[in-house]
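Asks: The structure follows.
Only the coordinates and a few stated rules stand behind these numbers; no lab work does. Just so it is clear, the model here is predicted, and its values are computed rather than measured. Cβ atoms come from the backbone with ideal geometry, glycine included; neighbour counts cover every protein chain shown.
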Amino acid sequence: MTTAQYIFIAFPAIFVILNPFSAASSFLSLTANQSDETQMQIAKRACITAFVVLLTFAVAGHLIFQVFQITISAFRIAGGIIMFSIGLEKLKLQPLRIEQTEEEMEESLHKTDVAIVPLGLPILSGPGAITTVMVLMAEINWKSSKLIGTLQMAGLVFSCALSIVLIYFILINSRKLLDILKVTGVGVMTRIMGLILTVIATQFVINGVRDLLPEFAKILS
């Protein structure tokens, strides 16, 4: 896989898993009584928090694999299944079970600062987003050369940064955006994102299974 192909997969996967329209709705609910300037500051801190969380898990992914003795192939399969289930819920327009519960959202409404928790974490950089960046990190081709691996790692960081920047602009324009799209438009966009995510997740699972086939062949022979 070339670096361009890697970014072409990484960017949509990260952007979709960040769930921009759901995040926009949550942002409006949590900042309804704030001024425009305050909303921009909250959106900025939330996005910075999400970027730091994603970058941390992207960079520390290999270390986590080594500590828990997890093979990259196994994580590709498990992560792909998790991403597929999230994409499937988007297709069905069901609320994600890994997001905040109603009780947690109610508690968040009474907080004076909601930028870091719950907006930055877990609404933006939740378990699904963390799993996605770790799976993408596992897809980096270090075997070909260090240069290709480094370029793809830079591509992953770029994809995270670009996704977060777009999310920031969606958040600060969330009221206008939701007024334009209405409920039907948001539903259509969410389903499209769900379809994209399920396709990418399926490819991750296929890659993981393909890498494990030689080991299964050795066991059976």
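Asks: What label, among [x] 33, 18, 16; [y] 31, 23, 13; [z] 53, 21, 14, belongs to semi-axes √(5λ) of the Cα gyration tensor in Å computed from the structure on display?
Replies: So the calculated entry is the one marked [x].
Asks: Let me ask you something else. For an R0 of 35 angstrom, estimate the FRET efficiency from the Cβ-Cβ distance between Leu88 and Ser35 and round to the nearest 0.05.
Replies: The formula returns an efficiency of 0.35 here.
Asks: Have a look at Met137, Met83, Met40 and tell me which one the Gaussian network model of the chain (Cα, springs below 10 Å) gives the largest fluctuation.
Replies: Top of the fluctuation ranking is Met40.
Asks: Show that you can apply the helix-only estimate: for the chain, add -39,500 (n - 2.57) for every DSSP H stretch of four or more residues, divide by all residues, and state [θ] at 222 nm to the nearest 500.
Replies: Value at 222 nm, helices only: -26500 deg cm²/dmol.
Asks: Ranking Thr38, Thr3, Thr132 by Cβ neighbours within 10 Å, fewest first, what do you get?
Replies: Thr38, Thr3, Thr132
Asks: If you don't mind, another one. For the Cα atoms of the chain, what angle does the longest principal axis make with the long axis of helix 20-30, in degrees from 0 to 90, nearest 10?
Replies: Tilt of helix 20-30: around 40 degrees.
Asks: Nearest 10 degrees is fine. How inclined is helix 72-91 to the longest principal axis of the chain, computing both from alpha carbons?
Replies: That works out to roughly 40 degrees.
Asks: With the Cα gyration tensor of region 1-61 in hand, convert its eigenvalues to equivalent ellipsoid semi-axes via √(5λ) and list them largest first in whole Å.
Replies: Over the Cα atoms of region 1-61, the ellipsoid semi-axes are 29, 14, 9 Å.
Asks: Hey, got the dipole for region 3-220? About the Cα centre, +1 on K and R Cβ, -1 on D and E Cβ, debye to the nearest 20?
Replies: 700 debye
Asks: Could you run the Karplus curve 6.51 cos²θ - 1.76 cosθ + 1.60 with θ = phi - 60° over region 42-48 and give me ³J(HN,Hα) per residue in whole Hz, x for Gly and Pro?
Replies: So the Karplus estimates, Gly and Pro as x, are 5, 4, 5, 5, 5, 5, 4 Hz.
Asks: Continuing with this model, one more query. So, in nm, how far is label Val183 from label Arg210 when the simple model puts each one 7 Å beyond its Cα toward the Cβ?
Replies: 4.3 nm
Asks: Sticking with this structure for a sec: Once the dipole of the chain is set up with Lys and Arg at +1 and Asp and Glu at -1 on Cβ about the Cα centre, which of Ile7, Val52, Leu124 lies farthest towards its positive end?
Replies: Value: Ile7.
Asks: Could you tally up the Lys pairs in region 3-220 with alpha carbons closer than 21 Å? Skip any pair fewer than 8 positions apart unless they're on separate chains.
Replies: 4
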